[in-house]
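Heads up, the thing below is written out as structure tokens.
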């Protein structure tokens, strides 16, 4: 007997109404008209309490310009190895030398103590990532960087709207990065933002991008089409009747052309020159999409936190798995509820067999990737996390009863396998 089908682990922050709107804007030429980008920048400055916000086509482009504006060519940049390859590539393209600092044990964020060990006279900046929406040890890291007069960049791509002691992530350092990409909690399909409290950094970045072309229809429209396909496939009636069963079959049979459809960074390569496609300016269309979603950010984070609490309470007594910290103060956005289990393939396979759409992490330990061979460094905690993290869904439209069903299947797995 087949299990009941699951709700999707992935749900875009979009509406079906976006697609005719986007088509109309491109047909009429409105996509590149009006002052929406400037309005968005002012809105972000007000929202996160920062003096300078600069719209970007992507978060990774913002990382590139942040690094380039803060270091000298050849400077070391200390960063986490547990990230997408293009974060490392942006450091390299900007003239930096990546130096990988290990993670906190049992976590997904870089350890402040590991960063401090690696700082020397050749260090030009520190780049931290608030991974999966969880704030790293940002107050400790920011204080250390301030004492050393060392520029600090915050990659808050997964943590827009998350706060520590009432202060927005991205504002603790010299520059902060937000993402409004397709899978983020504000979705403009492509899109990012660089914020900074430093006028000199803002001036450098604005000068660097002023003559760049707008995001092009040739690159943007295929991304929108991909979003439409995902929205159709993850629409609950279609997902439960068809998509889940297709992906379940593909996962159990290891059919990678299908299972990789919801993954990114599946074939990492080193980049030494900034790709031309990355060097654009945000279009007014993207800015309008972002502006229309900002009012829902806080409610979305609260919904994810409620799901996280439900997972935590249901799984906290299982000694075999490591849970993320339960934070109710807004300092964790719970992009996913990430559990650690060293034999994760067994657990995910069991969950899929029993109708639960959960996923092994696709993020890697970049310090061990062959493409970054010149920068390799042994980071044992990053090795562990890269091979043990499992994503449990938290998106705001995920029903609470589905959280409970996922918890029940995980508990059933351990009851059957660890008696």
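No value in this document is a laboratory result; all are computed from the given coordinates. Values in this document were obtained by computation on a predicted structure and should not be read as measured data. Methodologically, a virtual Cβ is constructed for each residue, glycine included, from the backbone with ideal geometry; neighbour enumeration extends over all protein chains shown.
So here's what we get for this one:
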quantity	calculated
Beta bridges per DSSP with both ends in the chain, % antiparallel, nearest 5	60
Stokes-Einstein D in µm²/s, Kirkwood radius over Cα pairs - the stretch 231-373 at 4 °C with 1.567 mPa s viscosity	69
Compactness of the stretch 1-130 as Cα Rg over 2.2 N^0.38 Å, two decimals	1.45
Residue 328 paired with residue 15, simple spin-label distance in nm, labels 7 Å along Cα-to-beta-carbon	3.3
Among 165, 365, 185: highest mean-square fluctuation, GNM of the chain, C-alpha pairs under 10 Å	165
Of 305, 143, 94, the one that fluctuates the most in a GNM where the chain has Cα springs shorter than 10 Å	143
Base-10 log of normalised Debye intensity for the stretch 310-407 (one unit scatterer per alpha-carbon) at q = 0.24 Å⁻¹	-1.35
Ranking of 372, 242, 26 by count of other Cβ atoms within 10 Å, fewest first	242, 26, 372
Sorted by Cβ density within 10 Å, fewest first, the residues 235, 31	235, 31
Span from the the stretch 44-86 Cα centroid across to the the stretch 347-383 one, whole angstrom	24
Translational D in µm²/s for the chain (Stokes-Einstein at 20 °C, 1.002 mPa s, Kirkwood Rh from C-alpha pairs)	98
Alpha carbon centroid spacing (whole Å) that separates the stretch 180-201 from the stretch 235-281	22
Highest-fluctuation residue, 201, 128, 186 considered, GNM on the chain with Cα pairs under 10 Å	201
Residue exposure sequence - 28, 394 - by fewest surrounding Cβ within 10 Å	28, 394
Radius of gyration, Dmax [the stretch 131-251; alpha carbons; angstrom]	19.1, 57
Relative contact order (percent, whole number), the stretch 150-222, Cα cutoff 8 Å, 6+ residue spacing	23
Helical contribution to [θ] at 222 nm, DSSP H n ≥ 4, -39,500 (n - 2.57), averaged over the chain, rounded to 500	-12000 deg cm²/dmol
Whole-angstrom gap from the stretch 301-324 to the stretch 108-151, using each part's C-alpha centre	27
Residue 35-residue 306 FRET efficiency (beta carbon distance; Förster radius 35 Å; 0.05 resolution)	0.40
Principal axis dimensions, largest first and in whole angstrom, of the stretch 189-295 by Cα	53, 37, 28
